[in-house]
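Undergrad: Structure incoming, see below.
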């Protein structure tokens, strides 16, 4: 007794005969491989005594033939019981359809091993996976003898890491065509296993794909990403003062903590280099590195992270600004929060002293931090309004003791001596 269709999956074709073909059970009607392909391929999920391929259309003359004997009809009924790996010709009122039948259960892959090539010295960028498997090819042919192969795609899954602001483990999936004995993937940045599964036809047939997981792979590929933490200064009288912004282009001194952010524990060794131009300033082997820049100029901070097989590098630019210093000629210590102290405006000053004298030449205040200033008091008491005299001596980040002194000021590059009057005005707070 005929077994009717349980479920099916099919594609629509332009010619009427093939569009009216179906089979019992789960099956796939495969799309054509090329424009020369004249074969309708049935990929069946198992062939039993009850399996049938049926023509569901109308016709006064229906005949089935096998490829190897096109002169003798094997059936004049709308259906046949097919065999695996066999070609048929269906003729309906003179319209011919070529059919090839494959039982997917006869073409299941068998995986024996799936491991990384044992050669860590060449696995810093890409990794070769060696697959030991039997993956039968899904071959079919036309009555003319032209042969075709259905592509078989398999999924490879493994874990690696990716850097955003921290390292994150991510699952990676690749699609590969088999058969193949060697598969190349981007080298993972963490220890992982590789799993292969498929093919795509198993999923389309509603089957659980054949899956195989190889042994644990110990990663050797290295990556690193420099990040920085800058010691910030908040006093507003400093121009280009260090803050959390990037790129690093600040007033000296710049105290910077450099973090390597390598994919540990794969990365084992670290080398920090700081160069000014082509000159090496300092070299360190700590995981992270702290350095204070005091001289003007542009610096390259370079990191190399490595292990016994691989290395990676990253670099950033640090720019230390040229120095400058300016003194006001008036301040108003009246408590209104505006111009309440005598302070210099500056950038990249690394050595500073300021002395304030009254009109009789008596020293009333001294300080050596350019971020600070004089609040208009003497020994805790309010100083009298009026003129005072200041002397400032300072050195900038660009100070060069070997430079030629200015013929007028006799000061070298980056050296400052400022003298002048400062008027203390109290006024009233509005």
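Undergrad: Take the residues in the range 256-270 that are surrounded by fewer than 17 Cβ atoms within 10 Å (Cβ to Cβ) and in contact (Cβ under 8 Å) with a residue 12 or more places away in the chain, then tell me which one is farthest from residue 321 (Cα to Cα). It would help to see each step written out before you state the result.
TA: Of the range 256-270, the ones surrounded by fewer than 17 Cβ atoms within 10 Å (Cβ to Cβ) are 257, 259, 264-265, 268-269.
Retained after the next criterion (residues that are in contact (Cβ under 8 Å) with a residue 12 or more places away in the chain): 257, 259, 268-269.
Details: 257: 19, 259: 23, 268: 35, 269: 33 Å.
My answer is 268.
Undergrad: Kindly indicate which of 56, 91 is within 16 Å of residue 143 (Cα to Cα) and surrounded by fewer than 19 Cβ atoms within 10 Å (Cβ to Cβ).
TA: On the way: 56 fails: within 16 Å of residue 143 (Cα to Cα).
None of the others qualify; the one that does is 91.
Undergrad: Being under 23 Å from residue 106 (Cα atoms) and outside any loop (DSSP other than H, G, I, E, B) is the filter here; which residues of the range 46-95 pass it?
TA: To start, the set of residues in the range 46-95 that are under 23 Å from residue 106 (Cα atoms) comprises 46-54, 66-68, 79-89.
Listed by number, the residues that qualify are 53, 54, 66, 79, 80, 86, 87, 88, 89.
Undergrad: For residue 234, indicate whether it is touching a strand residue (DSSP E or B) at 6+ places or on another chain (Cβ under 6 Å) and modelled with pLDDT under 95. Walk me through how you get there before you give the answer.
TA: Details: touching a strand residue (DSSP E or B) at 6+ places or on another chain (Cβ under 6 Å): no; modelled with pLDDT under 95: yes.
For residue 234, the condition - touching a strand residue (DSSP E or B) at 6+ places or on another chain (Cβ under 6 Å) and modelled with pLDDT under 95 - is not met.
Undergrad: Determine which single condition residue 118 fails, assuming it passes every other condition in (1) surrounded by fewer than 17 Cβ atoms within 10 Å (Cβ to Cβ); (2) touching a strand residue (DSSP E or B) at 6+ places or on another chain (Cβ under 6 Å).
TA: (2)
Undergrad: Do any strands (runs of 3 or more DSSP E) lying entirely in the range 122-175 carry at least 2 residues that are touching a strand residue (DSSP E or B) at 6+ places or on another chain (Cβ under 7 Å) and within 18 Å of residue 218 (Cβ to Cβ), and which ones are they?
TA: Details: elements: 126-134, 138-141, 147-150, 152-163.
Strands (runs of 3 or more DSSP E) meeting the threshold: 126-134, 152-163.
Undergrad: Related question: Among the residues of the range 398-418, are any within 30 Å of residue 336 (Cα to Cα), in the same structural domain as residue 346 (by TED's automatic domain parsing) and either exposed (fewer than 14 other Cβ atoms within 10 Å of the Cβ) or within 58 Å of the chain's Cα centre (by Cα) (or both)? Before you say what the answer is, go through the steps one by one.
TA: Taking the range 398-418 and keeping what is within 30 Å of residue 336 (Cα to Cα), we get 418.
Remaining after also requiring in the same structural domain as residue 346 (by TED's automatic domain parsing): 418.
Those still in the list that are either exposed (fewer than 14 other Cβ atoms within 10 Å of the Cβ) or within 58 Å of the chain's Cα centre (by Cα) (or both) too: 418.
Yes.
Undergrad: Under 30 Å from residue 392 (Cα atoms), exposed (fewer than 15 other Cβ atoms within 10 Å of the Cβ) and not assigned by TED's automatic domain parsing to the domain that holds residue 191: is that true of residue 340 in this structure? Please lay out each step first, then the result.
TA: Values: under 30 Å from residue 392 (Cα atoms): yes; exposed (fewer than 15 other Cβ atoms within 10 Å of the Cβ): no; not assigned by TED's automatic domain parsing to the domain that holds residue 191: yes.
In short, no.
Undergrad: In the range 266-320, what residues are closer than 30 Å to residue 217 by Cα and out of contact with any strand residue (DSSP E or B) (no Cβ under 8 Å at 6 or more places or on another chain)?
TA: 266, 308, 309, 310
Undergrad: Moving on. Can you name the condition, by its number, that residue 417 falls short on among (1) in contact with a strand residue (DSSP E or B) (Cβ under 7 Å, 6 or more places away or on another chain); (2) over 18 Å from residue 328 (Cβ atoms)?
TA: Every listed condition holds for residue 417 apart from (2).
Undergrad: Keeping to the range 192-208, report how many residues are part of a loop (DSSP other than H, G, I, E, B) and touching a residue at least 40 places away in the same chain (Cβ under 8 Å). Quick ask: steps written out before the conclusion?
TA: The initial filter retains those residues of the range 192-208 that are part of a loop (DSSP other than H, G, I, E, B), namely 193-194, 199, 205-208.
This time we only want the ones that are touching a residue at least 40 places away in the same chain (Cβ under 8 Å), so: 194, 199, 205-207.
Matching residues across the range 192-208 total 5.
The values are calculated or read from the model by the stated rules, or taken from the named source; none is laboratory data. Just so you know, these numbers come straight off a predicted model, no measurement behind them. Every residue, glycine as well, gets a Cβ built from its backbone with ideal geometry; the counts of neighbours run over all protein chains shown.
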